[in-house]
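Below is one structure, written out as structure tokens; the observations come after it.
The values are calculated or read from the model by the stated rules, or taken from the named source; none is laboratory data. The model shown is predicted, which means the values in this text are computed figures rather than measured ones. Here the Cβ positions follow ideal geometry from the backbone for every residue, glycine too, while neighbour counts run over all protein chains shown. For accessibility, only protein heavy atoms count, side chains too; no ligands or nucleic acids. Shrake-Rupley method; radii C 1.70, N 1.55, O 1.52, S 1.80 Å.
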Amino acid sequence: MEVLVLLEYLVATVIRFWLSKSDYNKLIADRVEISTPLNSWKRVTEGAALYNVGTSPYLGDMFHDNPLWLVAFNWMLQNVPQYITYIFILSDMMTAHLLFLTAQKFVGNLLTRQINEQKNYAKVSRQLLVSPEDVRMAPIFVVTAYLFNPYTVLTCAAHATTVFANLFLAIMLYATVNGHILLCCTALALSAQQAMYTVILIVPVCMYLAQGKQNKTFYMAMIATTFSTILCGLIYLSYHIAGSWDFVYATYGFILTVPDLRPNIGLFWYFFTEMFEHFRVLFLCAFQMNAAVLYLGPLAFRLHAEPMLLSTSLITLIAIFKSYPSLGDVGFYLALLPMWKHLFHYMQQGFIVSCFFIITSVLGPTVWHLWIYNRSANANFYFGVTLAFATAQIFLVTDLLFAYIKREYAVMHGLPRTIDGKEAKLVLESSNF
């Protein structure tokens, strides 16, 4: 198994390096599905250039990363420009390995919990239970799904800063399943500096780390306080770096108010392009609530016993409904799905969702070319593709959640197949025409 994983790392590294150095690199980096105003490396270089000449990069409409990221990226550009490609690839490999370790630990914990609770289970089919084989194979599926997903490969080749955001999310998940509170809170706070929506992940983090504790409320409050302190400290440090609070509107304000309506794979740009201006604030609030907090309460209430599934669901919903999503966000949560391999038995939309993903991934660039270059299509065509892509993702997350509920019921109550109190049978009869 170790040899197979190492071989996957090697092949994935070669693919990313080749794409980064090939003639396709600029084409990939300019794709609106991959680069957004928040993660474009071209914008990073321009922001760093302004910073170096003493001009605030937050005065215009070009740079929207946090000052902490600005300093880190500027250091890379000034000191190790020849190694930037290697830094992106190494970060992506670290993300994949952390997801591998996270899946290994988490599925192992699932198996242990299942063994301890098995006396409460009804007589169920073996395929519904976590097996030792899942503990061995699920981490391999996770790392494979991340390393060879075209969405993550292209994101790394384009030098999109989503690579680093995904790395901090992977550190957060790894620290969570291993019980490292300080590391978990720090990684989540750093992730929230770029993608502020991820701040809601503190809820499943608190729920997971408080499992098995005697005073859960106090423990969760302590974790939330630690996270809030680190987050406020990072924001205050950003103020000292920027020299003013201008960065707040240029970063968090930019995400919330959505002033840049260039097309992307999200749902904001088309709606706010077509909408009357006097309705803008109302619908901004509605869209942002949908992206951030609308699903948090109901899902946290229902999934209180499975906070890692809650984290996966929230990461997925953020990737769908955030104001400036990219394919790198989608690729990250897709890599988490094999951790729930034991739920696949009850998932019913797999074929439909797979077809949607493949078709929209092909149609997106095609329709974009017809719209922008050939002028034989219009914005409606491209938005139709992005809407279908978002619908496929919604089908995927709802299918996963329903599969969890169905499996939970089947494990506790069995799989009765009776009609009018009698054992149901499926009989095939031939008929003569």
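How many angstrom lie between the Cα centre of segment 23-38 and the Cα centre of segment 109-171?
Rounded to whole Å, the Cα centres lie 28 Å apart.
Quick one: Karplus J couplings for segment 312-317, per residue in order, coefficients 6.51, -1.76, 1.60, θ = phi - 60°, nearest Hz, x for Gly and Pro?
4, 5, 5, 4, 5, 5
For W340, W41, W18, give me the order by solvent-accessible area with a 1.4 Å probe, most accessible first, ignoring ligands, DNA and RNA.
Details: W340 0, W41 35, W18 145 Å².
If we order W340, W41, W18 from most to least accessible, we get W18, W41, W340.
Given a 1.4 Å probe, how much area per residue of segment 191-275 is accessible, in Å²? Before the final figure, lay out the partial values.
Values: 3930 Å² over 85 residues.
With the other protein chains kept in place, segment 191-275 gives 46 Å² per residue.
Between L147, L209, L190, which gets the highest mean-square fluctuation from a Gaussian network model of the chain, Cα cutoff 10 Å?
L209
Using a 10 Å cut-off on Cβ atoms, rank the peptides 49-58, 78-87, 196-205 from the highest mean neighbour count down.
196-205, 49-58, 78-87
I'm spelling it out carefully: the read-out is Kirkwood radius over Cα pairs in Å, the candidates are (1) 25.8; (2) 23.3; (3) 21.0, and one was derived from this structure. Which label?
The calculated read-out lines up with (2).
How large, in percent, is the carbon and sulfur part of the accessible surface of the chain at a probe radius of 1.4 Å?
Values: 14040 of 21180 Å².
On the chain, the fraction of accessible area on carbon and sulfur atoms equals 66 percent.
If r is the Cβ-Cβ distance from F381 to Q114 and R0 is 35 Å, what FRET efficiency results, to the nearest 0.05?
Details: r = 48 Å, r/R0 = 1.38.
Calculated transfer efficiency: 0.15.
With a 1.4 Å probe and every protein chain left in place, tell me how much accessible area D246 has, in Å² to the nearest 10.
Its heavy atoms expose roughly 80 Å² to the probe.
Kindly rank 400-406, 28-34 from highest to lowest mean number of other beta carbons found within 10 Å of each residue. Can you show the working numbers first?
Working: 400-406: 17.6, 28-34: 19.6.
Most protected by this proxy first, the peptides run 28-34, 400-406.
For the pair A224 and E133, how long in nm is the line joining their label points, each one 7 Å along Cα→Cβ?
Here the modelled spin labels are 4.3 nm apart.
Can you list the lysines whose alpha carbon sits under 24 Å from that of K105, skipping same-chain ones fewer than 8 residues off?
Those lysines meeting the cut-off are K119, K213, K216, K341.
What accessible area per residue comes out for segment 1-74, rounded to a whole number of Å², with a 1.4 Å probe? Walk me through the intermediate numbers first.
Working: 3730 Å² over 74 residues.
About 50 Å² of surface per residue is accessible.
Which FRET efficiency value, to the nearest 0.05, is calculated for W245 and F17 with the Förster distance at 45 angstrom and r the Cβ-Cβ distance? Let's see the in-between values first.
Working: r = 40 Å, r/R0 = 0.90.
Computed FRET efficiency for W245 and F17 comes out at 0.65.
What is the dipole size for the chain, taken about its Cα centre, with +1 at each Lys and Arg Cβ and -1 at each Asp and Glu Cβ, in debye to the nearest 20? Before the final figure, lay out each step's value.
Details: 25 positive and 23 negative charges, 169 e Å.
The calculated dipole for the chain is roughly 820 debye.
In whole Hz, what ³J(HN,Hα) sequence does segment 169-183 give by Karplus (6.51, -1.76, 1.60; θ = phi - 60°), x for Gly and Pro?
Each residue of segment 169-183 in turn: 5, 5, 4, 4, 5, 4, 5, 5, 5, 9, x, 8, 5, 5, 5 Hz.
By how many nm would the segment from N290 to I352 lengthen if fully extended, with 0.36 nm per residue of separation less the alpha-carbon distance?
Computed gain between N290 and I352 is 19.9 nm.
Can you tell me which of C285, C185, C206 moves the most in a GNM of the chain? Springs connect C-alpha atoms under 10 Å apart.
Between C285, C185, C206, it is C285 that shows the largest mean-square fluctuation.
How much FRET efficiency would the formula 1/(1 + (r/R0)^6) give for K42 and I405, where r is the Cβ-Cβ distance and R0 is 25 Å, rounded to 0.05? Mind showing how you got there, number by number?
On the way: r = 44 Å, r/R0 = 1.78.
My answer for the efficiency is 0.05.
From the phi of every residue in segment 6-15, what ³J(HN,Hα) in whole Hz does the Karplus formula 6.51 cos²θ - 1.76 cosθ + 1.60 yield, where θ is phi - 60° and glycine or proline is x?
Values, residue by residue: 4, 5, 5, 4, 5, 5, 5, 5, 5, 4 Hz.
If you count only protein heavy atoms with a 1.4 Å probe, what accessible area per residue comes out for segment 322-374, rounded to a whole Å²? Walk me through the numbers before you get to the answer.
Working: 2330 Å² over 53 residues.
Normalised by residue count, the accessible surface of segment 322-374 is 44 Å².
Compute the distance in nm between two label points, each set 7 Å from the Cα along the Cα-to-Cβ direction, one at F148 and one at W75.
Simple spin-label model gives 3.6 nm for this pair.
For the chain, with a Gaussian network of springs between Cα atoms less than 10 Å apart, report the residue from L99, L77, L396 with the top mean-square fluctuation.
Maximum fluctuation in the GNM of the chain, among the listed residues, is at L77.
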